[in-house]
Amino acid sequence: MDISLAPATPDRVDDVLAVLGAGPDRPHCTCQYWRFSSGDYSRMSQRGRIAALEQQAAGEPAPGLLAYVDGVPAGWCGFGVRPQMGRLVRSRTIPLVDELPVWAVFCFVVRTGYRRQGLAARLLEGVIEYGRRRGAPALESYPIDPQGKR
């Protein structure tokens, strides 16, 4: 199994959407929830969210990293500079610790058929290295238990 990682650039947006199961006519997540305020996000159409992802992919840093297994897009890790994440800027439950422009890591998706092969760990290692090369002062994340157990 050949695993490679790549930043989400404009030429890879279709791969991001494939991993997320999203598209103009498939209203699945486009990894925009944390990037906008609640109101702005609610008012956006699916096409608007895809357009936002395309714009983010053209900027620095990339909005996330893709994992490819034997050339097939299989995993995604979404992140961004916290002060640019609208919902995080306004969050009462995830307060700022200090004023550093840390990178927020907020999304991991691994497609069915590629799970339990270490892709999430590889993606996290890739994000750490990507952030280090681009001068991120730190990374932070917000783990949750999707089963509601504490």
Along the positive direction of the dipole of segment 1-71 (beta-carbon charges: Lys, Arg +1; Asp, Glu -1; about the Cα centre), which of 33, 7, 62 reaches farthest?
33
Quick one: with all protein chains in place, what share of the accessible area of the chain is carbon or sulfur, to the nearest percent (1.4 Å probe)?
51
Measuring from label point to label point, each 7 Å out along Cα→Cβ, what is the residue 115 to residue 134 span in nm?
2.8
At 10 °C and 1.306 mPa s, grab the translational diffusion coefficient of segment 99-144 from Stokes-Einstein with a Kirkwood Rh over Cα pairs, rounded to a whole number in µm² per second.
135
Once you wrap a convex hull around the alpha carbon atoms of segment 37-116, what is its projected area averaged over all directions, in nm²?
7.1
Which shape class, rounded, prolate or oblate, goes with segment 67-150 when its Cα gyration tensor gives a ≥ b ≥ c as root eigenvalues, a/c under 1.5 marks rounded, and past that a/b bigger than b/c marks prolate?
oblate
Determine the dipole magnitude for segment 7-136: charges of +1 sit on the beta-carbon of Lys and Arg, -1 on that of Asp and Glu, nothing else is charged, the reference point is the Cα centre, and the result goes in debye to the nearest 20.
380
Helix-only estimate, please: 222 nm mean residue ellipticity of the chain, summing -39500 (n - 2.57) across DSSP H runs of length 4 or more and dividing by its residues, to the nearest 500.
-8500 deg cm²/dmol
Determine how many Å³ per residue the convex hull of the Cα atoms of the chain encloses.
126
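The values are calculated or read from the model by the stated rules, or taken from the named source; none is laboratory data. Because the structure is predicted, anything quoted here is derived from the model rather than measured. A quick note on method: Cβ atoms are made from the backbone with ideal geometry, for glycine too, and the neighbour counts reach across all protein chains shown. Just so you know, the surface numbers come from the protein's heavy atoms only, side chains and all, with ligands and any DNA or RNA stripped out. Shrake-Rupley method; radii C 1.70, N 1.55, O 1.52, S 1.80 Å.
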